[in-house]
Structure formats: structure tokens, C-alpha cells
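These notes concern the structure reproduced below.
Please treat every number below as a calculation from the coordinates, not as lab data. If you're wondering where the values come from, they're calculated on a predicted model, not measured in any experiment. Neighbour counts are summed over all protein chains in view; Cβ atoms, including those assigned to glycine, are modelled from backbone coordinates with ideal geometry.
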Amino acid sequence: MIVRGADTQADDAAEETGRWQQILALPDGERERAALALVRAQVAAVLGHESADAVAADRAFTELGFDSVAAVELRKRLTDRTGTDLPATLAFDHPTAQAVTSLLLQEGLGLPEHTGPAQPLLTELDRLEAVLSAAPELSEDTDRITTRLEALLRSWRDTRESAAEDRRRDDDFTTASDDELFQALDDLEIGS
């Protein structure tokens, strides 16, 4: 049996980290695809699959057959390949290949972590962005997908603008005098 020395292992780790740096340097769409491919390949390796094709980007690790041993192995493999200090709860906090990819890119690019009440929405947007950028050319469906995304954005903006208008109207009462407030109440009672 041949035992590899610490120097060889360190060289391998440096080479893997260098590949990760190359991925981070790619343009946005390519970067997401390459990072997702790396994560899917590592998930497949942990599960004993021959190909990353067996790992859907948005399928939960638990559905793929992950257990705590697999979660530890995935964390180790990704840490070795990216040089990123990943949390021990990686596979549980980020339960899909897509979610892990988003975390790795966020860490690798120095992006702020999504926190607060918007966190779930921002995480889903990251996932959607990665799915869209990794999608094959869908010539006959491209217009339909684009139309739906634009409609979703319009709806989002309309909802936000409506809420902002409601807040502005509510703010009108904060600057009203007592007499103006009583008059507004009287007007409401008269109108009912």
C-alpha cells in the first residue's frame, strides 16, 4: 500500500482550491453552472453515483438518501475543494445542491448573507437565478417563461407600490392635530 505524504495532500488541496478560484472568476451564468456542477458532482460522489446527473439541483438531500455521515462527508469534500470554512450543519441548513451552491458562491464572492425576514425569499431568488442560468436553451418556451417572469415582477412592484401608498396615507394621520383627527372620525361616522 502506498501512503501519500502530507506534502502531496497539501498540493492536491491547493490545486482543488485553485479550480474553485477559477470558477469564481467566471462570468455570472457560467460561474453558477460550474459551481452547481461541482456541488452536484460531490453529492453524487458521496452517494456513490457515477454521475452528477443523478443529483437534481433542487432535490432535498434527504430525498437523495443523505444521512449524517453523508452530510459530514459532503462538507469535508466541499471544504477541501473550495477552501471555504463550511458549517457543520451545511447539509441541514442548505438542504439541496442549489442551496449549497448559493452559499458557496456567497462565501466565495464575499456577498452578504441573507438574514432577516427577507431571507427565505432571497434564498429562493438565488435558487431561481441558478436554475434559470443553468437551463438549457428552450427556444419555444423562452417567450412564455420571460412573460411569466415579467408578470411576476410587475405584480411584485404593484403590490409594493400599493403598500407604500397605504403607508403614506396612514402617515397622514401621524401629523394631524387632535381637531383634525376628531373631524376625520366624525366624517367616518357620518359616512357610515
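Numbers below:
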| read-out | value |
| --- | --- |
| Ranking of ARG154, ARG31 by count of other Cβ atoms within 10 Å, fewest first | ARG154, ARG31 |
| Full-extension gain in nm, ALA37 to GLN119, via 0.36 nm per residue minus C-alpha separation | 27.1 nm |
| Extension reserve of the LEU185-ASP93 stretch, reckoned as 0.36 nm per residue once the Cα distance is removed | 28.1 nm |
| Size of electric dipole in region 24-136: Cβ of Lys, Arg +1 and of Asp, Glu -1, about Cα centre, debye, nearest 20 | 180 |
